1. Residues that are hydroxyl-bearing (Ser, Thr, Tyr) and open to solvent by 70 Å² or more (accessible area, probe 1.4 Å): does the stretch 567-590 have at least one?
2. If I filter the stretch 658-672 down to residues being of a type in the set (Gly, Ala, Ser) and either touching a Pro at 6+ places or on another chain (Cβ under 9 Å) or crowded, with 16+ Cβ neighbours inside 10 Å (or both), which single residue comes out as farthest from residue 626 (Cα to Cα)?
3. If a residue has to be under 17 Å from residue 235 (Cβ atoms) and part of a strand (DSSP E or B) to count, how many in the stretch 182-217 make the cut?
4. Only strands (runs of 3 or more DSSP E) wholly contained in the stretch 220-305 count here; list those with 3 or more residues that are more than 27 Å from the chain's Cα centre (by Cα).
5. Here are the criteria: (1) within 30 Å of residue 391 (Cα to Cα); (2) surrounded by 19 or more Cβ atoms within 10 Å (Cβ to Cβ); (3) of a type outside the set (Val, Ile, Thr); (4) over 29 Å from the mean Cα position of the chain (by Cα). Tell me which single one residue 347 does not satisfy.
6. When the residues of the stretch 693-720 are filtered to those that are among the hydrophobic types (A, V, I, L, M, F, W, C) and under 30 Å from the mean Cα position of the chain (by Cα), which remaining residue is farthest from residue 732 (Cα to Cα)?
7. Against the conditions (1) surrounded by fewer than 24 Cβ atoms within 10 Å (Cβ to Cβ); (2) more than 30 Å from residue 562 (Cα to Cα); (3) at pLDDT below 90, where does residue 696 fall short? Just the number, please.
8. Enumerate the pairs (first residue in the stretch 625-646 and at pLDDT below 90; second residue anywhere and open to solvent by 50 Å² or more (accessible area, probe 1.4 Å)) with beta-carbon separation below 6 Å, excluding pairs fewer than 6 apart on the same chain, so at least 6 apart or on different chains.
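The values are calculated or read from the model by the stated rules, or taken from the named source; none is laboratory data. As the structure is a prediction and not an experimental result, all values here were calculated from the model. All Cβ positions, even for glycine, are placed from backbone atoms using ideal geometry, and neighbour counts span all protein chains on display. Accessible surface areas use protein heavy atoms only, side chains included; no ligands, DNA or RNA. Shrake-Rupley method; radii C 1.70, N 1.55, O 1.52, S 1.80 Å.
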Amino acid sequence: MAASRPPSATLESMLALEDRLGYQDRAVAGGLDGYLRNVLNGGEQQQLFRQIVARLPRDGYASLSPDERRRWAGGVRSALEPGRSVPAKPTERASPAKPSRSRNARAKPVATFSDEDPLAMDVGRLGRLPPQSRKALSKLGIDTVHDLLWHPPFRYEDWRNVRAIGDVLADVDVTVVGQIRSIDLRRLRGGRTATEAVVSDGTGTLGVWWWQQPYLAKQLQPGMRLGLSGQVAIKGRRLQMQSPEWERLDDPDDDTVHVGRLSPVYPKTKGLANRTIRRLAHTAVRDYLPFLPETLPQQIIDQEGFMSEREALDVLHFPDDMEDVARARERIAFQELLGVQLAVLSRKREAQRRSDAPSIEMSGDFIDDFLSALPFQLTAAQQRALTDIRADIQRSEPMARLLQGDVGSGKTVVAAAAMLAAVKAGHQTVLMAPTEVLAAQHFETFQRLFGSDDLSASGPLFNDFRLTPALGRPVKMDLLTGSVRAARKRAIHDRMSSGDLDLVVGTHALIQDSANFGDLGLAVVDEQHRFGVLQRDSLRSKGRSPHLLVMTATPIPRTLALTVYGELDSSVIDELPPGRQQVDTSIVDPSQREETVYRRIREEAAQGRQSFIICPLIEESESLEAEAATEQYEFLRSGPLRDLAPRIRLLHGRMSADDKRSVMADLSEGRADVLVSTIVVEVGVDLPRATVMVIEGAERFGLAQLHQLRGRVGRSDLPSVCFLISEPDGDQVQRRLELMVQTSNGFELAEADLEIRGPGEYFGTRQSGLPDLRVAKLTDHVNLNRARNWANRILDNDPHLRAPEHQLLRTRMEGVNAEGATAMH
């Protein structure tokens, strides 16, 4: 058994940490005085610690100023050097406090501490770790002791039902403790192995089998005392456990790790057994957790009634009961959400402190001219959003606004008004879209709205109407995407930087280093969840301090609006233009394709209407999705829709930009009736004559994506349908699809999708800019609002988090900012 680490060595490490934290008495839970009392109350080296405490005033270390603590600590650390002693002098001291809560009956540290930060030590210092397990830990983001302490379990196995072998019942989870009477390795057919043991405790015997773990026959020996947790079965006339959790209990005072308790189950990966994580976590909690500094200011802990950070992590890893787990999770979740709220609110406040944005006037005459040129009237919701934007861009503080609205609600025309106002004020404006298809559609929309004097890169000009009354001249605009040829791209860059172009629409090509503006006044980002925070900021950096408008047709639940987009003000267009038809949605069994789906497609085509057929989503594999779409396309042309074969088109992400434009032109100009596509049509395809949406493998999509796809039809007064082809596997899938049938309210669906699938998958793939939360849930409205309130209070009094008690919160906030900045879609 390893020798226990002397308290004096622990004290030296604590004082080293105090030095790094500015002597704020935060190196140990409850303060240094509590640790000193615990040692004096029965620990080793009592005589030495009496001398150490004698050098403190009556009210202890907590009563000293930081400078006095520094001098006292220096004297103690000097006195603890080999060959030195601590001079004693009599003093009074407080009555000893009760020992702090501990589940560890006997400490057996494996680490040797030095003045380096113990929490930054490699996780390999915690115990034997094979290379494969070390690699698997790193894959989980666990490289240091601190990483492991912040890798909490996601559930627990309850092995607290300890019974004598003679008292156990079949099919009940129990823990038994006994002695190994015999153990042997059995070789079975097919090269398999089983380790068989017989364990007894004086009240009965129990047979134990472990499959495919031959090393146990050598690791466990007759005579060893063993704890076993699992379910007991009756085989013949014998009690038997198969592959139970096990733990050697050679020392009756040892604290158990795997059996006889609420046993933690950790998020893991291939090549890493849960026992390994649990063993390492136990050592980390026992030997290193005391060195974790407290992140939250004492005021918050006291007013909210939280347990300390150390106690919360201790409880999460090795709890005594589930009530404690709930309290610990609440505490850690609050801390995580507070870091998020500090990050987003400080970004918002920082932007508000700037006053160098261009003031863009949107006069009443301008708005009247703009609206009178439209062939339709704005809805009340559109007018409210326009009023919000008008107020923002007239100020010298840069606007940062999120414009939400369902598919077809008219966000683009609201953005167009603001962009035209920027041009009228003498500034440039830009719109960035995630795909070339969507960028091209926006460019054509602006051509129809504004007119253009430069058509060399953009195809036909639509002269339905021109908003010249609002500006007095055509808008000079161009389209910049990755597929634009080099010479043409250079010419566009020159016109952008010289200020000759008023408006540019594009994709990621807009944020290349070579793309710059002469005087950017307003930046618009569409379907902004497709971009990372860094990409959004890169676009803004193309101007001195431009206003920012970000748009999304994916409804943002309130909790995400307060976190991922918490620095943005929000406007919602929550009504559709008059005349839009409700889309009739139904779940269709695959066996009903011909009778229900293909017949409807043929009927609609006969009336000059169009249909979408969306192929199943294959996560993270655009090439496989393209192959599946191509196979579906060929099958439909030669099979159930062969009579429409010449009028069926294919669209997927692997196609060239020219091929995509050709397909979209065929659809928009009526030369095609059916589009077989991947998820690429989720946004950016506007076909008023489209009346049928068919989604194959609907169970693979999130509600937000299904709602987006459904929004591609019903964009006129024609009756429209959406067929969800699926064989729902499980209640959760069935619930999601039924919600699609029951409601067309995007915000209701968004809240349900977030609750069911979690924020990480809300947009179908990992969302850019999501904070890395280990315990907190973004659906936790109560904790989120509490954290936001505290963040505002803290920033009101300490805007830059420079106070000593806010240093660790600042570190956490900076970590959240770094996560957001590096998250790229």
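1. No, the stretch 567-590 contains no residue that is hydroxyl-bearing (Ser, Thr, Tyr) and open to solvent by 70 Å² or more (accessible area, probe 1.4 Å).
2. Of everything passing the filter in the stretch 658-672, 668 is farthest from residue 626 (Cα to Cα).
3. Summing the residues that are under 17 Å from residue 235 (Cβ atoms) and part of a strand (DSSP E or B) in the stretch 182-217 gives 17.
4. So the answer is 225-235, 238-242, 245-248.
5. Going through (1) within 30 Å of residue 391 (Cα to Cα); (2) surrounded by 19 or more Cβ atoms within 10 Å (Cβ to Cβ); (3) of a type outside the set (Val, Ile, Thr); (4) over 29 Å from the mean Cα position of the chain (by Cα) one by one, residue 347 breaks only (4).
6. 709
7. (3)
8. Going by the 6 Å Cβ cut-off, the qualifying pairs are 626/654.
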